[in-house]
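In what follows, a structure is listed as structure tokens, so that the remarks can point back to it.
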Amino acid sequence: MTDLAEKLASIGLKLSEEALRALLEHAAKKKLSHARLLEQLVEVETRERETRNLQRRSRAATLGAFKTLDQFDWNHPRSIDRQLYEQLHESLDFVERGDNILLRGQAGVGKTTLAQNIGHRALQNGYSVRFSTLPAALADLLRQESLPATERRLKRYTQPDLLILDELGYVPCDARAADLLFHIISRRHEARSVVITTNLAYKHWGSVFHDAQCLSALVDRFAQHCHVIDIDAESWRDKERQERKNKTPKKPRKPRRNK
């Protein structure tokens, strides 16, 4: 069995020895024809390749741990365009068109969770994905010591079908960082999708990118084909802290002794 698995591997079939043994035992039990055995061999190999491909793309996506949509309380926000989000999440047609998404709201309202779920959905549908906080992505690029090195590292953010940049607005960036983000947005413009989460309206992005001459062009390119989802809600983390506080039993007060 090991020799057979190695021979199959030599012609490009990566079927595991265990899967091969199970397939041959099934074929013998069911008395499958040679043609049907080969069909099932191809089916098993295809499934294993798809699994390995998903694992590879998931590692590259760096989505991290996140809550799935069935754990998201849609009744918590005072306002959110749930219909638009679910349409974008389910169809993923925005990825095909190279459209962008802006998830906007104050800290703790679920922007990152919603973005990660879109990324996960895209991975399941065969797209390549890259998730990063914006400060981490820019710091990664700024660490490169030469222009060729920067160009090579830019591919990490320009080549995936879907790029998710989290937390625009929390850390100020200098003009050089703004130029790098402009390069990313420009190279992806109308070709590959970008999802950005932020707590800021477009007109306030200047408070993050101080003295960046490219800011107007950056916003213009990103916003041209962009679906904006505003989330008006109190912070989930504040809500959960308050709930934990309310559930914690208060210690009885000790009676005062009379002197």
Rounded to whole Hz, the Karplus (6.51, -1.76, 1.60) HN-Hα couplings of region 165-174, x for glycine and proline: 10, 9, 6, 6, x, 9, 10, x, 10, 7
Only helices counted: for the chain, with every DSSP H run of 4 or more residues adding -39500 (n - 2.57) and the sum spread over all residues, [θ] at 222 nm is -16500 deg cm²/dmol
Assigned charges on the beta-carbon of Lys, Arg, Asp, Glu; region 129-204 dipole about Cα centre (debye): 180 debye
Per-residue HN-Hα couplings for region 17-33 [Karplus 6.51, -1.76, 1.60; θ = phi - 60°; Hz; x = Gly/Pro]: 4, 5, 5, 5, 4, 5, 5, 5, 5, 5, 5, 5, 5, 8, 6, 6, 5
Which of SER128, SER58, THR150, positive extreme of dipole for region 56-165 (C-beta unit charges): THR150
Fluctuation leader among LEU38, LEU54, LEU181 - the chain, Gaussian network, Cα springs under 10 angstrom: LEU38
In debye, nearest 20, what is the charge dipole magnitude of the chain about its Cα centre with +1 on Lys and Arg Cβ and -1 on Asp and Glu Cβ, if you could check? 1920 debye
Can you list residues from other chains, or at least 5 along the same chain, whose modelled amide H is less than 5 Å from the amide H of VAL195? ILE101, LEU163, ILE164, LEU165
Over region 1-120, give the accessible area per residue in Å² for a 1.4 Å probe, as an integer. 60 Å²
Give the residue list of trypsin sites (Lys or Arg not before Pro) in region 1-101 that are DSSP loop and have at most 12 other beta-carbon atoms within 10 angstrom. LYS14, LYS31, ARG78
How charged is the neighbourhood of GLU25? Take every other residue with its Cβ under 14 Å from the Cβ of GLU25, and add Lys/Arg as +1 and Asp/Glu as -1. +2
Out of (i) 18.4; (ii) 21.8; (iii) 19.7, which label holds the value of Kirkwood radius over Cα pairs in Å that was computed here? (ii)
Net charge of neighbours whose Cβ lies under 13 Å from the Cβ of ALA191, counting Lys and Arg as +1 and Asp and Glu as -1: +1
Farthest towards the positive end of the dipole of the chain, among ALA201, SER79, GLY119 and with Cβ unit charges of +1 on Lys and Arg and -1 on Asp and Glu, lies the Cα of SER79
Percent carbon-and-sulfur accessible area, region 58-188, ignoring ligands, DNA and RNA, probe 1.4 Å: 47 percent
When the chain is treated as a Gaussian network with springs between alpha carbons less than 10 Å apart, the largest mean-square fluctuation among GLU39, GLU151, GLU48 is found at GLU39
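The values are calculated or read from the model by the stated rules, or taken from the named source; none is laboratory data. The model shown is predicted, which means the values in this text are computed figures rather than measured ones. Backbone-built Cβ (ideal geometry, glycine too); neighbour counts: all protein chains shown. SASA here: full protein model, heavy atoms, side chains in, ligands and nucleic acids out. Shrake-Rupley method; radii C 1.70, N 1.55, O 1.52, S 1.80 Å.
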